[in-house]
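A quick write-up on the structure given underneath.
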Amino acid sequence: MAIKQKNSKEVIELLRRMWLIRAFEEKVSALYAERQIVGLLHLGIGQEAVAVGALSLLRDDDLVYGGHRSHGHAIAKGADINKLMAEIAGRATGYCGGKGGSMHIVAKECGFITATGVVGGTIPLALGAAFAAKERKKGQLAVVFFGDGAGQSGPFHESLNIASLWQLPVIFVCENNGYAEFTPLSAHTKIERLAQHAKTYGIPADTVDGNDLFAVRAVMSKAVDKCRAGNGPIFVECLTHRMRGHYEGDPAKYRELSQLAEWQKKDPIARVARALKSQKALTDKELAAMESEAQALADKAATFSLSSPWPAEIEVDSQVYATAS
């Protein structure tokens, strides 16, 4: 994993962002254990290279859609971690006034449009954004993240078909971590690689090591360039692994300890840190300082969120809309 000297500063900033995501989610986990945060939490610890590798190549006006495990995607796109933490904690200072929670993040100001608890639920929404971008003709594109479990859903296949037919500027990013909730990929499909589905619909697709930041960026760089040039859609499958269970508190008995240990050796943050150290771009002391800095920012976000007020009762239905039949 060689790093060119002229690129070392950029890689250091990417590592800084990965550490921020890791520290943020570890803080969320700690607050959950203390019962200061309640509700379902789906952490992406171990998958940081996908979010940072993919989104670091986008423009500010590109539109991003996530799923139920999207704290990292929002942060990678530039979301304010104070407002994000407050949303997860259900406080009024959160992005959705504390009413969206962990799985329904919106950070519109940085182009993170929405996440969802519905498996594959934002894939069709990303197509709408991509269609609008194509009509505007300004080189804007949409990126949507989802897991391998979404590959068996109807909207997934319908969206691939429509995107291909209309040549939409959308990049489908599948974070294939091997499990749809608690079910291994082999138990719910005969398809070994989700990229095969994309090829069925005539969509160019690549499968890449999702724990290798540089590999993700290399594939995404080509995908972004193609989409901006009007040659979308593109499908990128990132093979990765979550170091936590499906949800926080999941005992994960369906996963062998040896499998987890093997993936821990492929920790994406540690891999980048080793590469920078081997190139003498960072010392152990500087790496430790970077980790401490990220933890301090996460602590600050926790303090902000827990000291923020709860939503007022009058706000219960303030963002609820209905249309007359």
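The values are calculated or read from the model by the stated rules, or taken from the named source; none is laboratory data. These numbers come from a predicted model, not from an experiment. Cβ sites come from the backbone with ideal geometry, for glycine too, and all protein chains shown count toward neighbours. With ligands, DNA and RNA removed, areas are computed over all heavy atoms of the protein, side chains included. Shrake-Rupley method; radii C 1.70, N 1.55, O 1.52, S 1.80 Å.
When you go through (1) without any contact (Cβ under 8 Å) to a residue 60 or more places away in the chain; (2) more than 30 Å from K138 (Cα to Cα) one by one for R16, which number turns out not to apply?
(1)
Across the range 284-313, what is the number of residues that are open to solvent by less than 70 Å² (accessible area, probe 1.4 Å) and among the hydroxyl-bearing types (S, T, Y)?
Result for the range 284-313: 3.
When only residues in the range 130-145 that are open to solvent by 10 Å² or more (accessible area, probe 1.4 Å) and of a type outside the set (D, E, K, R) count, which is nearest to the chain's Cα centre (by Cα)?
Result: Q140.
Suppose the filter is of a type in the set (V, I, T), in contact (Cβ under 8 Å) with a residue 60 or more places away in the chain and touching a helix residue (DSSP H, G or I) at 6+ places or on another chain (Cβ under 9 Å); does I105 pass it?
no
Residues to consider are A273, A302, A312; find the one that is in contact with a helix residue (DSSP H, G or I) (Cβ under 6 Å, 6 or more places away or on another chain), closer than 25 Å to R35 by Cα and of a type in the set (A, V, I, L, M, F, W, C).
A302
How many residues does the range 68-97 contain that are over 23 Å from E293 (Cα atoms), crowded, with 22+ Cβ neighbours inside 10 Å and charged (D, E, K, R)?
Number of matching residues: 1.
For the range 294-315, give me each residue that is in contact (Cβ under 8 Å) with a residue 60 or more places away in the chain and not in a helix (DSSP H, G or I).
Selection gives S308, P309, W310, P311, A312.
Return a yes/no flag: does the range 108-120 have any residue that is surrounded by 23 or more Cβ atoms within 10 Å (Cβ to Cβ), part of a loop (DSSP other than H, G, I, E, B), among the hydrophobic types (A, V, I, L, M, F, W, C) and touching a Phe, Trp or Tyr at 6+ places or on another chain (Cβ under 8 Å).
Yes, the range 108-120 has at least one match.
Out of the residues in the range 147-172 that are in contact with a helix residue (DSSP H, G or I) (Cβ under 6 Å, 6 or more places away or on another chain) and closer than 19 Å to A74 by Cβ, state the one that is surrounded by the most Cβ atoms within 10 Å (Cβ to Cβ).
V170
Within the range 6-26, which residues are open to solvent by 60 Å² or more (accessible area, probe 1.4 Å) and over 15 Å from G46 (Cβ atoms)?
Those that are open to solvent by 60 Å² or more (accessible area, probe 1.4 Å) and over 15 Å from G46 (Cβ atoms): K6, K9, E10, E13, R16, R17.
Return a yes/no flag: does the range 275-292 have any residue that is at pLDDT 95 or above and part of a loop (DSSP other than H, G, I, E, B).
no
Can you spot a residue in the range 205-214 that is within 17 Å of I123 (Cα to Cα) and at pLDDT 95 or above?
Among the residues of the range 205-214, at least one is within 17 Å of I123 (Cα to Cα) and at pLDDT 95 or above, which makes the answer yes.
When the residues of the range 195-227 are filtered to those that are surrounded by fewer than 17 Cβ atoms within 10 Å (Cβ to Cβ) and of a type in the set (D, E, K, R), which remaining residue is nearest to A273 (Cα to Cα)?
This residue is K222.
Can you name every residue in the range 48-67 that is touching a Ser or Thr at 6+ places or on another chain (Cβ under 7 Å), open to solvent by 10 Å² or more (accessible area, probe 1.4 Å) and in a loop (DSSP other than H, G, I, E, B)?
L57, G67
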